[in-house]
Amino acid sequence: MKKYALAISLSAAGMSVFGGAHAQTTGASSGVTIYGIINPSLTYTDKVANATPSNPTGTGARLSMDTAVAQGSRIGFKGVEDLGGGLKALFTLENGFNADTGQLAQGGLFFGRTAIVGLSGGMGTVYLGRQKDYIDDLSSYNGALDFGSLVNNIHALNLDRTQGSRVNNSVRYNSPVMGGVTLSALYGFGEQAGSTGAGQSFGVGGSYSNGPLSFGAAYFQNKLTATNTFTGSSDSGIAPGATTGSIASTSLKTFLIGGSYKLGDVRMYGSFSQVKQPLAVAAGAAMTGFTAASGAAFTFGGVNNSKVNLVDFGVNYNVTPTTQLLANFVTTRSKFVGAKDGKASQVSLGVDYFLSKRTDLYLFYANIRSSDMFNPGLYVAPGASNTQNVLTAGIRHKF
């Protein structure tokens, strides 16, 4: 009987998808939802790094079809079962893929975006599996919500986790909403024999929401798996270069505080985030400052990058019910051990036009500039120049 009920639920979800409605489970205590996003785009990027033996700092323009600029392409399954007495069982399995090639994203993991199961009741919700920490829940306070991966690199190559990074082997607790306040805590098991701290991750956060106003803060850290080795339970952005430490040494600390306010058709937002690499060391005796030859040593997450401070603020304006104008500015300051601080900033502008509730067209432009540090580039294109521009047009379809 249970198998028959599940088959009916899956069939109903499938009919909803192919019938043209966004797949959701509504008005039912148990069921399964199938959902997804497909998001390819055409992108022009100038001054992409194009080194040759005769010109190691050479650049060239690139025209490409990309994926996941506004949002990552995905297909997911969500389920809920009413266990009675106010208790429910929940699960989410979410696969990420590249819409331009069909390949798996998240390093080829089949359910790389999310793989969790949990229980929810009056005391809150507990999830176990591969999942994000609370910094991702605060995405409405920075440009990630509007511009997606276009602001990934300027956010310290996502070391501040604003683009959503996952923690393997983790347990997360979310409190019930209490007077507009939500609290959360996450722990990632390093699973290393002989050392509980090796590869361990930990995160806490909370937020308050009341009508048009919301604000929140979150903190996250992780530790080395073994001496000079960063893997562990979290895939936090790129692997930090500052890993000169012993087993279970803390390799990354990051926090974010921010808020947003909605006034009619305008949503304003802002955040401050900070990334620390406690194990950063000088890049070398002869590398006391950034030069073209020093390259990526002087960049976000480099071996000598001890701290990055980031300020992100922007505005989203609904000109009409179907048209949004977007603007965002991010400025950063990076500390390098034994060298001058580096600076990088980015301006992003966009228009998003909704053909329906499920399908929209967008056009984004961004410019990034850096000084006294290596330019991380825009989206997936590294920049050998101190400035770079990108123009991308895409279609996003949700089902």
Open item on the list: Take Leu186 and tell me if it is open to solvent by 60 Å² or more (accessible area, probe 1.4 Å) and either of a type in the set (A, V, I, L, M) or more than 30 Å from Phe354 (Cα to Cα) (or both).
Closed with: no
Task: Long-range neighbours under 6 Å by Cβ, at least six apart or interchain, first residue within 21 Å of His397 (Cβ to Cβ) within region 87-105, second buried (at least 17 other Cβ atoms within 10 Å of the Cβ) and among the basic types (Lys, Arg) - done: Thr92/Lys78; Glu94/Arg74; Glu94/Arg113; Gly96/Arg74; Gly96/Arg113
TODO: Of the numbered conditions (1) at pLDDT below 90; (2) crowded, with 20+ Cβ neighbours inside 10 Å; (3) of a type in the set (A, V, I, L, M), Ala285 fails exactly one; give the number of that condition.
DONE: (2)
TODO: Scan region 148-181 for residues that are within 26 Å of Val266 (Cα to Cα), among the small types (Gly, Ala, Ser) and not in a loop (DSSP other than H, G, I, E, B) and jot them down.
DONE: Gly148, Ser149
TODO: Within region 375-393, track down each residue that is under 22 Å from the mean Cα position of the chain (by Cα) and open to solvent by 50 Å² or more (accessible area, probe 1.4 Å).
DONE: Val380, Pro382, Leu391
Task: Residue check for Asn158: closer than 22 Å to Tyr362 by Cα, open to solvent by less than 40 Å² (accessible area, probe 1.4 Å) and not acidic (Asp, Glu) - done: no
Task: Residue in region 129-147 that is farthest from Leu256 (Cα to Cα), counting only those that are open to solvent by less than 20 Å² (accessible area, probe 1.4 Å) and not in a helix (DSSP H, G or I) - done: Gln131
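Can you tell me which residues in region 79-105 are in a strand (DSSP E or B), aliphatic (A, V, I, L, M) and under 20 Å from the mean Cα position of the chain (by Cα)?
So the first thing to find is which residues in region 79-105 are in a strand (DSSP E or B), and the list is 79-84, 87-97, 104.
With the extra rule that they be aliphatic (A, V, I, L, M), the set shrinks to 80, 83, 87, 89-90, 93, 104.
Across region 79-105, the qualifying residues are Leu93, Leu104.
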Open item on the list: Quick check on Phe336: is it open to solvent by less than 60 Å² (accessible area, probe 1.4 Å) and in contact with a Ser or Thr (Cβ under 9 Å, 6 or more places away or on another chain)?
Closed with: yes
Open item on the list: Can you go through Gly72, Gly60, Gly76 and tell me which one is open to solvent by less than 40 Å² (accessible area, probe 1.4 Å), in a strand (DSSP E or B), in contact (Cβ under 8 Å) with a residue 40 or more places away in the chain and among the small types (Gly, Ala, Ser)?
Closed with: Gly76
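The values are calculated or read from the model by the stated rules, or taken from the named source; none is laboratory data. Bear in mind that the values here come from a model prediction, so they are computed numbers and not experimental data. We place every Cβ from the backbone using ideal geometry, glycine too, and count neighbours over all the protein chains shown. For the accessible areas, the whole protein counts, side chains as well, though only heavy atoms, and no ligand, DNA or RNA atoms are used. Shrake-Rupley method; radii C 1.70, N 1.55, O 1.52, S 1.80 Å.
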